[in-house]
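**Student:** Let me give you the structure first, and then I'll get to my questions.
The values are calculated or read from the model by the stated rules, or taken from the named source; none is laboratory data. Predicted, not measured: the structure shown is a model, and the values here were computed from it. Every residue, glycine among them, receives a Cβ derived from its backbone with ideal geometry; neighbour counts consider all protein chains shown. To get the accessible areas, we keep the full protein, side chains included, count just its heavy atoms, and leave off ligands, DNA and RNA. Shrake-Rupley method; radii C 1.70, N 1.55, O 1.52, S 1.80 Å.
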Amino acid sequence: LMAEMLLQKGAEKTEGIFRIVGNKKVVINMQEKVNKGGEIDPNISIHDLASLFKSWFATLPDTLVPISLMPDLITSSEDKTFIKFIDKMPKAHLYTLKYLIGFFQKLKDSESVTLMGASNLAICFGPDVISTRHVKEFKDFEKFKDISCNFLTTLINELPTGDVYPLDLSLV
């Protein structure tokens, strides 16, 4: 829903979408409202909505790429087999990730306007998709930051997503 709202509000025509942070108070209030079953205010600004979208991924109980799969992710990073790696993910995580990547691929097509190519989107979303909560040392944090950026950049550039994106909302 938020991805579609972002497109309706002009995400493909907004320079720096996801780099410009929304109003923290508005985003927190909207999170609370949605968590209680409320609707997203259709008048929310595009940057507030983009921040709400990012925060949804950041506040998942387990990140989109489950913490339990970190050793496999590291191996796939070394072997350059990210596309094969995602088949190990639980189905709900996999389908959500593929939808997100499909959305990013759509945004990437407008890179000349948004200035948000695959690597910029990966930098913005990497920490929200791959957890660094278990990392204790700075050098390991940098390693996971690089892995998350390479992972998302590779998926945005190479992953077929037509089976889940765009979602036919008339079926929901």
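**Student:** Hey, can you tell me all the residues within segment 89-126 that are in a helix (DSSP H, G or I) and among the hydroxyl-bearing types (Ser, Thr, Tyr)?
**Tutor:** Across segment 89-126, the qualifying residues are 95, 96, 99, 112, 114, 119.
**Student:** Determine whether segment 135-143 contains at least one residue that is out of contact with any Lys or Arg (no Cβ under 6 Å at 6 or more places or on another chain), in a helix (DSSP H, G or I) and closer than 21 Å to residue 6 by Cα.
**Tutor:** no
To keep it simple, each residue is scored yes or no on (1) modelled with pLDDT under 95; (2) among the small types (Gly, Ala, Ser); (3) on the phi < 0 side of the Ramachandran plot; (4) touching an Asp or Glu at 6+ places or on another chain (Cβ under 6 Å).
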{"residue": "116", "(1), (2), (3), (4)": "no, no, yes, no"}
{"residue": "125", "(1), (2), (3), (4)": "no, no, yes, no"}
{"residue": "131", "(1), (2), (3), (4)": "yes, yes, yes, no"}
{"residue": "135", "(1), (2), (3), (4)": "yes, no, yes, no"}
{"residue": "141", "(1), (2), (3), (4)": "yes, no, yes, no"}
{"residue": "150", "(1), (2), (3), (4)": "no, no, yes, no"}
{"residue": "160", "(1), (2), (3), (4)": "no, no, yes, no"}
{"residue": "168", "(1), (2), (3), (4)": "yes, no, yes, no"}
{"residue": "172", "(1), (2), (3), (4)": "yes, no, yes, no"}
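**Student:** Restricting attention to segment 81-110, and to residues there that are without any contact (Cβ under 8 Å) to a residue 12 or more places away in the chain and among the charged types (D, E, K, R), which single residue is farthest from residue 150 (Cα to Cα)?
**Tutor:** Checking each candidate, the answer is 91.
**Student:** Suppose we keep only residues that are free of Cβ contacts under 8 Å to residues at least 12 places away in the same chain and part of a helix (DSSP H, G or I) within segment 147-172. Which one would you say is farthest from residue 84 (Cα to Cα)?
**Tutor:** 170
**Student:** Moving on to the next point. Given the structure, is residue 33 touching a helix residue (DSSP H, G or I) at 6+ places or on another chain (Cβ under 8 Å) and at pLDDT 95 or above?
**Tutor:** So residue 33 does not fit the description; no.
**Student:** I'd like to check which helices (runs of 4 or more DSSP H) are fully inside segment 1-77 and have at least 2 residues that are open to solvent by less than 60 Å² (accessible area, probe 1.4 Å) and closer than 25 Å to residue 133 by Cα.
**Tutor:** By residue number, 24-35, 46-58.
**Student:** Just the residues that are in contact (Cβ under 8 Å) with a residue 40 or more places away in the chain and more than 24 Å from residue 127 (Cα to Cα), please, taken from segment 2-53.
**Tutor:** Selection gives 9, 13.
**Student:** Taking the criterion of being free of Cβ contacts under 8 Å to residues at least 40 places away in the same chain, open to solvent by less than 80 Å² (accessible area, probe 1.4 Å) and either aliphatic (A, V, I, L, M) or over 21 Å from residue 158 (Cα atoms) (or both), would at least one residue in segment 111-119 satisfy it?
**Tutor:** yes
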